[in-house]
Amino acid sequence: MVETKPVDTSEKGESKKAAKKEAKKAEKAAKKAEHKVGKDQSQNTATEENDVSVGKYGNLPLIQSSNKNLDRTFTYVKDLDKSLSGKDIWVRGRLHAVRARGKQCFIVLRQREFTVQVLVNVSEAVSKSMVKFSSNITKESIIDVEAKVVEVATPVAGCSQQNVELLASQIWVVSASAPQLPLQIDDASRPEKADDPEGLNIRVNQDTRLDNRVLDLRTATNQAIFRLEAGVCRLFREVLTNKGFVEIHTPKIIPAASEGGANVFTVSYFKGSAYLAQSPQLYKQMAIAADFDKVFTIGAVFRAEDSNTHRHLTEFTGLDLEMAFNYHYHEVMLTIGNLFTEIFKGLRDQFRREIEIVGQQFSVDPFTFLDPPLVLQYEDGRKLLAEAGVEVGPEEDLSTPAEKLLGRLVKAKYDTDFYILDKYPLAVRPFYTMPDPDNPKQSNSYDMFMRGEEIISGAQRVHDPQLLTERAKHHGIDLNKIASYIDAFKYGCPPHAGGGIGLERVVMLYLGLDNIRKTAMFPRDPKRITP
């Protein structure tokens, strides 16, 4: 017989009561929540009905080139001053900073290096909802603002436009930024000066900057750097064009190494291989042989050198020129020297503001130069170094430390950051360099320096095919690989000289910056091929 256990009815009754109690509690909470939602909805409806700013703020639909707002005229932030006081204008810019305080919202609106303060203030025309919306716009979003230009009693600290502010009546988000930024523009703009204690607080390291280059390029300093860099290209073109030079465009995919060296990038070319040009050297010279007389080109140059230094890139912008002369290569050397003088004058006179902006973040000593430029013989440079305790052999090249020291010695003695060193030893120059007619150990070649670093290496080229063949053999170069180069001079070619300039290096040294990656928009080096 199976024994059955008696049921405890008291326990069963208590659990039923507890369940009923919980159900009532849940029902009460649900009703309360429903009541709250209804109350919030009615409040929101009331707010929307009472919102005097409806239709004056929000997120714009995606701009797809429709016919809406085509009559809207925008004013540039840099043009905002007291002369526009009292006028209603439209401005488009980035929300650089935002700060809400009670019934007010302060926005700093940025266009490149120019900034202005925008005030969104609760009034008869501006609602609390509009102020709240404005305070929640994410940094770096692009916004359109309609506002009245108002003159201020005290200058607006921290903005480039200090004498006026904007009193907003409409604010629209054109393109919203993600709320989390990989770097803050303010942090990327902080001074980096040894004597500035504030500059030690927060630094954005170089890799973070370059990994997020689009954001980094928005800083006022970078805007200034790359506008000045564009200025160097423009001045290079203007000066040479005025001197009768013709701009040419040369191939970047070539059949053999430009300079006979191994530091080239090989690329697949259909069923064979080709190389990326180390230099437009051959093609500049062919243009001279084709009677163009004076030529220049601006374009990409590729060097497969595993150099991870402050001044080397695997791809840079070359400013190259070549020029026929009558009897002496100094006709060309001095033309190039005077070209630099004109570029330096143009930067000094036309880019004063950009230079000042860069100087606010980085320690920059003003660039000094002489007119006409200083020309020293290689032997003079050796003597200056010897007096400073550094010996360089008569057929040795200058090491990088020796170049920098010589730059400091020249600056101390002649007060110039730019100079030309002429008559380099033949042994340290490429095979196509013309030997000196009076001294077989010297050559008709020159380097030019800015702040003690080389920015152009140039020379008279050997334009005689027989001598060129001899020089190539002397350097152990495979003649088959340079046959097309030598053939270019078989049908008569005028004597000529030239050189190649690295754009990024010129800008780096003119501004006194410490790394060429600061002057390359999207730098390429042995460790970086992105973004």
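Here are the numbers:
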| read-out | value |
| --- | --- |
| Pairs, first more than 19 Å from Arg429 (Cβ to Cβ) and assigned to a helix (DSSP H, G or I) in the stretch 473-490, second polar (S, T, N, Q) and open to solvent by 70 Å² or more (accessible area, probe 1.4 Å), C-beta under 9 Å, six or more apart | none |
| Residue within the stretch 363-373 that is in a helix (DSSP H, G or I) and modelled with pLDDT of 95 or more present | no |
| Residues being assigned to a strand (DSSP E or B), within 20 Å of Ser53 (Cβ to Cβ) and not polar (S, T, N, Q) - total across the stretch 102-121 | 7 |
| Tabulated pairs, the stretch 302-320, first touching a residue at least 60 places away in the same chain (Cβ under 8 Å), second open to solvent by 40 Å² or more (accessible area, probe 1.4 Å) and part of a strand (DSSP E or B), C-beta under 6 angstrom, 6+ apart or interchain | Leu313/Arg524; Thr314/Arg524; Glu315/Arg524 |
| Number of the condition not met by Arg237 [criteria: (1) open to solvent by 40 Å² or more (accessible area, probe 1.4 Å); (2) modelled with pLDDT under 90] | (2) |
| For Ala168: the one exception among (1) surrounded by fewer than 17 Cβ atoms within 10 Å (Cβ to Cβ); (2) farther than 22 Å from Ala220 by Cβ; (3) aliphatic (A, V, I, L, M) | (1) |
| Qualifying residue in the stretch 396-406 (condition: closer than 30 Å to Lys78 by Cα and out of contact with any helix residue (DSSP H, G or I) (no Cβ under 8 Å at 6 or more places or on another chain)) | no |
| Hits in the stretch 389-418 (condition: in a loop (DSSP other than H, G, I, E, B), farther than 18 Å from Val375 by Cα and within 30 Å of the chain's Cα centre (by Cα)) | Ser399 |
| Residues of the stretch 315-344 satisfying the condition of being farther than 25 Å from His463 by Cβ and open to solvent by 20 Å² or more (accessible area, probe 1.4 Å) | Glu315, Phe316, Thr317, Glu342 |
| Index of the failed condition, Ser127 passing every other in (1) among the small types (Gly, Ala, Ser); (2) open to solvent by 20 Å² or more (accessible area, probe 1.4 Å); (3) in contact (Cβ under 8 Å) with a residue 40 or more places away in the chain; (4) farther than 18 Å from Gly93 by Cβ | (2) |
| Selection status of Tyr275, under 27 Å from Met434 (Cα atoms), part of a strand (DSSP E or B) and open to solvent by 50 Å² or more (accessible area, probe 1.4 Å) | yes |
| Residue in the stretch 494-531 that is least open to solvent (accessible area, probe 1.4 Å), counting only those that are among the acidic types (Asp, Glu) and not in a strand (DSSP E or B) | Glu504 |
| Number of the condition not met by Glu140 [criteria: (1) open to solvent by 50 Å² or more (accessible area, probe 1.4 Å); (2) on the phi > 0 side of the Ramachandran plot; (3) acidic (Asp, Glu)] | (1) |
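The values are calculated or read from the model by the stated rules, or taken from the named source; none is laboratory data. Quick caveat: nothing in here was measured; it's all calculated off a predicted structure. Glycine gets a Cβ as well: all are built from the backbone with ideal geometry, and neighbour counts include every protein chain shown. Keep in mind that these areas ignore ligands, DNA and RNA; they rest on the heavy atoms of the full protein, side chains included. Shrake-Rupley method; radii C 1.70, N 1.55, O 1.52, S 1.80 Å.
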